[in-house]
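To start, the structure under review is shown below, and the notes come after it.
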Amino acid sequence: MARDFPRHRRVAEQVRRELSGLILEEIKDPRLGPVTVTDVDVSRDLAWSDVYVSFLGDTRDNQQRLQVLTGAAGFLRRLLGKRMKIRTVPQLRFHYDQGLDHAQHMDQLIARARASDRKDGDDQE
């Protein structure tokens, strides 16, 4: 069983759960807005964790929102250390998860292709 789910992946899942709650409860910066922690990758030696986040609302402010999270990384790491019972808490590196933007773009392309197909079907009749 341990081989199927190594320790660094278990820690990553716990960091994702805890960090989601901590950002919601502890970060009071109005520039941040609603944040979703979509994924966390932790290095095998547990030294670093790449935290992927997505934001609701205007996408133009994403860089500023990432800066807010990066500025709060030390504070969040300290709170994680109190909640998690591990010797070393990984350093947090925040990244914007473009998966939702990509999915939305693909949906728009599919909708345009379907509309074009319908239009071409109507023209042939």
**Request:** Would you check which residues across the stretch 55-72 are modelled with pLDDT under 90, surrounded by 12 or more Cβ atoms within 10 Å (Cβ to Cβ) and part of a helix (DSSP H, G or I) and list them?
**Result:** THR59, ASP61, ASN62
**Request:** Mind telling me which of the residues ARG17, ARG9, ARG60, ARG44 ends up being under 19 Å from GLN91 (Cβ atoms), without any contact (Cβ under 8 Å) to a residue 12 or more places away in the chain and of a type in the set (Lys, Arg)?
**Result:** ARG17
**Request:** Tell me, yes or no, whether the stretch 35-44 has at least one residue that is assigned to a loop (DSSP other than H, G, I, E, B), farther than 21 Å from ARG78 by Cβ and at pLDDT 90 or above.
**Result:** yes
**Message:** Checking the structure you have, find out if any residue of the stretch 110-118 is modelled with pLDDT of 90 or more, surrounded by 14 or more Cβ atoms within 10 Å (Cβ to Cβ) and of a type in the set (A, V, I, L, M).
**Reply:** no
**Message:** Suppose we filter PHE94, PHE75 for residues that are surrounded by fewer than 16 Cβ atoms within 10 Å (Cβ to Cβ), at pLDDT 90 or above and of a type in the set (Phe, Trp, Tyr); which single one remains?
**Reply:** PHE75
**Prompt:** What about VAL89, is it surrounded by 15 or more Cβ atoms within 10 Å (Cβ to Cβ), in a helix (DSSP H, G or I) and out of contact with any strand residue (DSSP E or B) (no Cβ under 6 Å at 6 or more places or on another chain)?
**Reply:** no
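The values are calculated or read from the model by the stated rules, or taken from the named source; none is laboratory data. The model shown is predicted, which means the values in this text are computed figures rather than measured ones. Heads up, the Cβs are rebuilt from the backbone with ideal geometry, glycines too, and the neighbour counts pull from every protein chain shown.
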